[in-house]
Every structure is written in C-alpha cells, then in structure tokens.
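Data block below; observations after.
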Amino acid sequence: MQKYWVDKRKYVTVTGKPTSTAIKSVSKPVKWVLFGVCMGVVGVVLLFYGVIVAGSFARLWGIDPSFSMKNYQYVLGVGREAIRDTLAIAALSTPISGLLGMAIAFLVVRKSFPGKRAMDFISMLSFALPGTVVGIGYILAFNRKPFLLTGTLAILVLNFVFRYFPVGIQAGVATLRQVDPSIEEAAANLGADSPTTFRKITLPLMAPAFFSALVFAFVRAMTAISAAIFLVSADWNLMTVQILNQVNSGRLGAAAAFSVILVGVIVVAMALIRLVVDKALGIRYQARF
C-alpha cells in the first residue's frame with residue numbers, strides 16, 4: 001500500500017539537494033506547552049541514564065551507594081574480550097550494511113531490471129520477523145557443512161548486516177526520490193561510468209541517508225540482543241549478552257558499568273562516523289534554525 005501511494009506522485013528537485021520541510025509557527029502558549037512536554041520526556045530519559053551512571057559507581061547497588069570503582073575494574077578485567085569483540089563486529093558490519101543499503105536503494109529507484117521488485121521486497125523481510133526467530137533461523141541454516149558458520153565471526157556480521165540494512169535502503173530510497181535523475185544523466189553524458197557516477201554524484205547526494213544508515217547499523221550492532229544471543233560463542237561474545245548475564249547473576253553494578261561504557265562508545269562512534277562521512281564525501285552539513 002505504501003509503495004502504491006508513493007509511486008502515484010513524484011516530488012523531485014533539480015538542485016541536487018533533498019527537500020526539507022519548513023518550520024511551522026505556533027502561538028506562544030502552544031509553544032511553551034509543547035516545550036514543557038518535550039522537557040518532561042527529556043527529563044525521564046535523563047533520569048534513566050542518571051540512575052545507570054550512579055549505579056555503576058555504587059559499591060553495592062540498592063544497599064551501599066558509596067562511591068567505588070570496583071564495578072569498572074571488574075568489567076575491564078572480565079569483560080575486556082566482550083568489549084573488543086563487540087567493537088570488532090560493529091566495525092565490520094556497519095560499513096557493509098550502509099554501503100549495501102545505499103546500493104540497493106540506488107538500484108531500486110534508478111535502474112530497471114528483471115527481479116527488481118522481488119529484490120526490494122526480499123530485502124525488507126528481515127524486519128518482518130522477531131529477532132529470536134531470526135537467530136534460530138541462522139542457527140538452523142548455518143549449522144552444517146558446507147555452510148558451517150555457527151559460533152564464528154561471520155554469522156554475527158551477516159546477522160547484523162541483513163537484519164538492519166533495510167533502514168538504510170528505505171532512507172536511501174526516500175532521498176533519491178527527491179533528486180532529479182537528470183543530475184546523474186549529466187555526469188554520464190560527460191563520460192562518467194556507472195560506478196564513478198554512483199561514487200561521486202549519487203552517494204554524496206545520499207549523504208544524510210548514508211549517515212543515518214551507518215549510525216543505525218552501528219548502534220544496533222552494539223545494542224542488539226534478541227537474535228545475537230543465539231549466535232554468540234566462547235570465541236565471540238557481545239556486551240549486551242554480558243549485561244544480561246550480569247543482571248541474571250545479581251551484579252547490577254557491573255551491568256550498569258557495562259551499560260555506561262556501551263553508551264560512551266556509541267556517542268564517540270557517532271561523532272567519528274559523522275566526521276568520516278563528511279570528509280569522505282566532501283560534505284559540510286549546515287543546521288537550519
């Protein structure tokens with residue numbers, strides 16, 4: 001239904017930049033009411049994070065709130081390999097997921113070939129299943145030769161790539177539908193081949209969608225638990241699984257310390273991804289107020 005409705009009309013720009021909605025003005029009373037509601041939501045979110053941070057420094061959460069670093073010492077000692085494994089898996093799956101999502105979006109919007117609609121439909125199927133079903137499916141599919149991947153790095157990377165790249169596809173499709181194809185046709189008329197046009201023309205135009213796809217893929221790779229819990233092994237573990245294990249063992253302070261480290265890594269990674277996308281595509285984002 002969504003595809004039928006979107007395909008009925010086309011809204012493109014010949015400037016090479018996706019359109020953006022204008023800020024709608026409201027009366028001052030309504031503005032302050034909306035501002036108060038938003039600040040209330042922000043306060044609740046910050047309260048959650050504040051409790052986690054405070055619990056990570058507590059000697060014994062709920063009993064002895066005195067300041068202590070033992071939770072972080074425990075995490076950096078016992079959970080060092082889980083932190084390393086999570087970063088490695090996220091670093092491998094994120095660029096593959098982002099680039100694959102942009103490539104499929106480009107093929108869906110700009111190219112015509114047999115099986116295009118089937119490819120678009122199949123690429124979205126992973127979002128139609130619960131994570132637990134996906135994890136069990138990976139075990140059943142890759143648990144015997146010649147596709148024996150259970151317990152390896154490859155099965156975790158494949159899970160994160162194909163589980164979360166539909167977000168990048170839809171973001172790329174939405175962006176490309178706002179850009180006139182004549183911009184890419186002009187590059188082709190000047191002698192650029194398809195890979196060069198995609199790399200130098202199309203991908204920079206899709207930079208906002210590309211950034212969103214990379215961030216979403218990295219965050220989900222760092223925080224996923226439903227499917228990944230069936231795929232971890234003694235050789236490759238995840239921080240989220242460690243957090244769940246610490247909670248089940250009653251070590252809430254250690255779980256909180258894991259969570260704080262996880263949030264810190266994600267914040268730093270988002271800034272780095274933004275910097276890399278800006279430099280790689282030669283784009284500077286300007287905020288509009």
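The values are calculated or read from the model by the stated rules, or taken from the named source; none is laboratory data. What you are looking at is a predicted structure, and each value in this text was computed from that prediction instead of being measured. Cβ coordinates were reconstructed from backbone atoms using ideal geometry, including for glycine residues, and neighbour counts include every protein chain displayed.
Scan region 225-241 for residues that are of a type in the set (A, V, I, L, M) and within 19 Å of Leu252 (Cα to Cα) and the total you get is 4.
Within region 92-132, take every residue that is farther than 19 Å from Leu176 by Cα and either of a type in the set (Phe, Trp, Tyr) or free of Cβ contacts under 8 Å to residues at least 12 places away in the same chain (or both) and give me the one that is surrounded by the most Cβ atoms within 10 Å (Cβ to Cβ). Explain how you work it out, then say what you get.
Of the residues in region 92-132, the ones farther than 19 Å from Leu176 by Cα are 92-96, 114-115, 118, 122, 125-132.
Those left that are additionally either of a type in the set (Phe, Trp, Tyr) or free of Cβ contacts under 8 Å to residues at least 12 places away in the same chain (or both): 114-115, 118, 122, 125, 127-129.
Numbers: Pro114: 7, Gly115: 8, Ala118: 9, Ile122: 10, Leu125: 11, Phe127: 12, Ala128: 9, Leu129: 14.
The residue in question is Leu129.
I'd like to know if region 58-65 contains one or more residues that are among the charged types (D, E, K, R) and surrounded by fewer than 19 Cβ atoms within 10 Å (Cβ to Cβ). Scanning region 58-65 turns up at least one residue that is among the charged types (D, E, K, R) and surrounded by fewer than 19 Cβ atoms within 10 Å (Cβ to Cβ). The set of residues in region 148-157 being in contact with a helix residue (DSSP H, G or I) (Cβ under 7 Å, 6 or more places away or on another chain) and free of Cβ contacts under 8 Å to residues at least 40 places away in the same chain consists of Leu149 alone. Of all residues in region 6-55, those satisfying the criterion of being part of a helix (DSSP H, G or I), more than 30 Å from Ile266 (Cα to Cα) and at pLDDT 75 or above are Lys28, Pro29, Val30, Lys31, Trp32, Val33. Exactly one residue among Phe258, Phe230, Phe216, Phe198 is modelled with pLDDT of 90 or more, surrounded by fewer than 23 Cβ atoms within 10 Å (Cβ to Cβ) and touching a helix residue (DSSP H, G or I) at 6+ places or on another chain (Cβ under 7 Å), and that residue is Phe216. Can you go through Arg80, Arg117 and tell me which one is farther than 23 Å from Ile225 by Cβ and of a type in the set (Lys, Arg)? When all the criteria are applied, what remains is Arg117. Which one is modelled with the lowest pLDDT, of the residues in region 100-121 that are within 15 Å of Thr175 (Cα to Cα) and of a type outside the set (Val, Ile, Thr)? Selected residue: Arg110.
Within region 158-166, does at least one residue satisfy the condition of being surrounded by fewer than 21 Cβ atoms within 10 Å (Cβ to Cβ), touching a helix residue (DSSP H, G or I) at 6+ places or on another chain (Cβ under 7 Å) and among the aliphatic types (A, V, I, L, M)? The answer is no; no qualifying residue exists.
Yes or no: Ser182 within 26 Å of Met1 (Cα to Cα) and of a type in the set (Ser, Thr, Tyr)? No. Among the residues of region 181-232, those identified as over 30 Å from Leu262 (Cβ atoms), in contact with a Ser or Thr (Cβ under 9 Å, 6 or more places away or on another chain) and in contact (Cβ under 8 Å) with a residue 60 or more places away in the chain are Ile183, Glu184, Leu205. Tally the residues that are touching a residue at least 40 places away in the same chain (Cβ under 8 Å) and over 19 Å from Gly131 (Cβ atoms), restricting the search to region 235-250. Residues in region 235-250 being touching a residue at least 40 places away in the same chain (Cβ under 8 Å) and over 19 Å from Gly131 (Cβ atoms): 1 in total.
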